[in-house]
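Visitor: Right, I'll just put the structure down here and ask away after.
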Amino acid sequence: MSAASQPVEFGFQLLGTDGAARRGRVTTAHGTIETPAFMPVGTAATVKAMRPESVAETGAEILLGNTYHLMLRPGAERVAALGGLHKFMNWPKPILTDSGGFQVMSLAGLRKIEEKGVTFRSHIDGSVHFLSPERSVEIQHLLDSNITMVLDECTPHPATHEQALSSMELSMRWAQRSKDGFKKRPGYGLFGIVQGSVYPDLRKRSAEALASIGFDGYAVGGLAVGEGQEIMFRVLEETVPHLPADRPHYLMGVGKPADIVGAVQRGIDMFDCVLPTRSGRTAQAFTARGTVNLRNARHQDDPRPLEEGCPCPACTSCSRAYLHHLVRSEEILGLMLLTWHNLAYYQRLMAGLRAAIEAGSLEDFVAGFHETQAGGDIPALG
């Protein structure tokens, strides 16, 4: 076998640091991911309002899919029979799949959590399903996910120390079972998830327990659930130092641009969030100058682009006036263009963070980011 045809091993290379911030590269069977990285959310095997080719054009190198939604519809076995998720959704690049735990806790009806797993009713048709750590890993294997997440219990917020302890310990037992059930293949990895709510001692115990089991990457879960940015940053400062430095660090479900910038400063490498796509569908655009609401009448006669210098079609081909018209007319093209813009903005932000870490100028980059955001949108015409 030639060297060129050797299977690619899953791995993480740390290319540089600036303070606690890290510049790295994740290698998978379906390509590499430059970190810090943002993963657009393709919950049901699609990034809403975007063609997969368009998502790639924004600079995205990895997408997130969801076990809960895909197991219910169209079914993991069906996706496997059709060639796996990459082929099914026409996305040849890497894919990470959420374990389904968060959706079971937040969307499913009449759920019952036991040591063996979770029994729940589908939010689609009320049918009864059972999800265990082993079944979650099996589903993700059938989907052909490059990064599989362990099944965990997403601890509700707020939670007492006793509640958070019990929940975290259950998640750690499930993490071991997920590891035992994972079928290791070249170019595919399994991530553990740190829990423990807002309690430093529990976060430390959880991180150390996962490190002793041994995973290809480590996620911080149970944040961005209403605790606020200040507490989230504190928890990261108390948690990330206990994660293995030679593995990627993933903050689940985050977030706003300022959340991402602050988390990168605290040692996080990977992010996902529905915010850029969901906001695009509600006429909210993210820009270097902050958030712009295209529903506002101030844009109706404005011939200028949404954001000067942005290479996305919303900015290179359309005026603010036209985007405003599309939004007010409830035309599908409007939400498509704003979704594209938001994903492009997020990818430009990540590229800027990577370049700043490489240059050792992250502090200046962050100061400039906050200054520009605080300055607000360009003045209205007239």
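Visitor: Out of the residues in the stretch 29-74 meeting the condition of being under 27 Å from His249 (Cβ atoms) and among the acidic types (Asp, Glu), tell me which one is surrounded by the fewest Cβ atoms within 10 Å (Cβ to Cβ).
Guide: Selected residue: Glu34.
Visitor: So, one more: Please state which of the following conditions Val118 fails to meet, knowing it meets all the rest: (1) on the phi < 0 side of the Ramachandran plot; (2) of a type outside the set (Gly, Ala, Ser); (3) in contact (Cβ under 8 Å) with a residue 60 or more places away in the chain.
Guide: (3)
Visitor: Scan Gly117, Gly100 and give me the residue that is at pLDDT 95 or above, closer than 28 Å to Gln163 by Cβ and not charged (D, E, K, R). Reasoning before the result, please.
Guide: On the way: Gly100 fails: at pLDDT 95 or above.
From the options Gly117, Gly100, the qualifying one is Gly117.
Visitor: When you scan the stretch 297-350, how many residues do you find that are loosely packed, with under 15 Cβ neighbours inside 10 Å and closer than 21 Å to Gln373 by Cβ?
Guide: Result for the stretch 297-350: 4.
Visitor: I'd like to know if the stretch 179-189 contains one or more residues that are at pLDDT 95 or above, under 20 Å from the mean Cα position of the chain (by Cα), in the same structural domain as Val137 (by TED's automatic domain parsing) and within 18 Å of Ser99 (Cβ to Cβ).
Guide: yes
Visitor: Then there's this: Would you confirm, using the coordinates I've provided, whether Ser136 is of a type in the set (Gly, Ala, Ser), in contact (Cβ under 8 Å) with a residue 12 or more places away in the chain and outside any loop (DSSP other than H, G, I, E, B)?
Guide: So Ser136 fits the description; yes.
Visitor: Does the stretch 224-268 hold any residues that are of a type in the set (Lys, Arg) and either part of a helix (DSSP H, G or I) or in contact with a Ser or Thr (Cβ under 7 Å, 6 or more places away or on another chain) (or both), and which are they?
Guide: The answer is Arg234, and nothing else.
Visitor: Among (1) touching a residue at least 60 places away in the same chain (Cβ under 8 Å); (2) within 30 Å of Val235 (Cα to Cα), there is one condition Arg298 misses while meeting the rest; what is its number?
Guide: Only one criterion is unmet by Arg298, namely (2).
Visitor: When the residues of the stretch 182-232 are filtered to those that are more than 21 Å from Thr28 (Cα to Cα) and among the charged types (D, E, K, R), which remaining residue is surrounded by the most Cβ atoms within 10 Å (Cβ to Cβ)?
Guide: Among them, the one singled out is Arg203.
Visitor: A follow-up question, please. Determine which member of the set Ser167, Ser136, Ser145 is touching an Asp or Glu at 6+ places or on another chain (Cβ under 7 Å) and either at pLDDT 95 or above or not assigned by TED's automatic domain parsing to the domain that holds Ala219 (or both).
Guide: Details: Ser136 fails: touching an Asp or Glu at 6+ places or on another chain (Cβ under 7 Å); Ser145 fails: touching an Asp or Glu at 6+ places or on another chain (Cβ under 7 Å).
Result of the check over Ser167, Ser136, Ser145: Ser167.
The values are calculated or read from the model by the stated rules, or taken from the named source; none is laboratory data. This is a predicted model, so every value here is computed, not measured. Neighbour counts run over all protein chains shown; Cβ positions are idealised from the backbone, glycine included.
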